[in-house]
1. For a quick size check, give me the Cα extents of the chain along its three principal axes, largest first, whole Å.
2. Under the 0.36 nm per residue contour assumption, what length would be gained going from the current alpha-carbon distance of residue 28 and residue 42 to full extension?
3. Any idea what angle helix 59-74 forms with the longest principal axis of the chain, computed on alpha-carbon atoms, 0 to 90 degrees, nearest 10?
4. How far is it, in nm, from the label point at residue 17 to the one at residue 1 when both lie 7 Å from their Cα along the line to the Cβ?
């Protein structure tokens, strides 16, 4: 599962990757730095703690991503 969200503070999008099959759990932030995680749970918790809807061009994209990530926690093999 991959998300690319338009950020208000950069021309580059924020990218969130949750790839259970290959063990990739990572975020590329708007400043091009990154965060890497050992599990989907860690990634999702970081997103909920550190990102806010107001940081993105379309807050609905952020809310949609959080909803899909939350659904993944309840059913990781959908």
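Since every read-out is calculated from the coordinates, none of them should be taken as a lab result. It should be emphasised that the depicted structure is a prediction, and the values quoted were computed from it without experimental measurement. FYI the Cβ positions are ideal-geometry reconstructions off the backbone, even for glycines, and counts take in every protein chain you see.
1. Principal-axis extents of the chain (Cα, largest first): 33, 23, 18 Å.
2. On the way: separation 14, 0.36 × 14 = 5.04 nm, distance 1.50 nm.
Here the answer is 3.5 nm.
3. 10
4. In this crude label model, residue 17 to residue 1 measures out at 1.7 nm.
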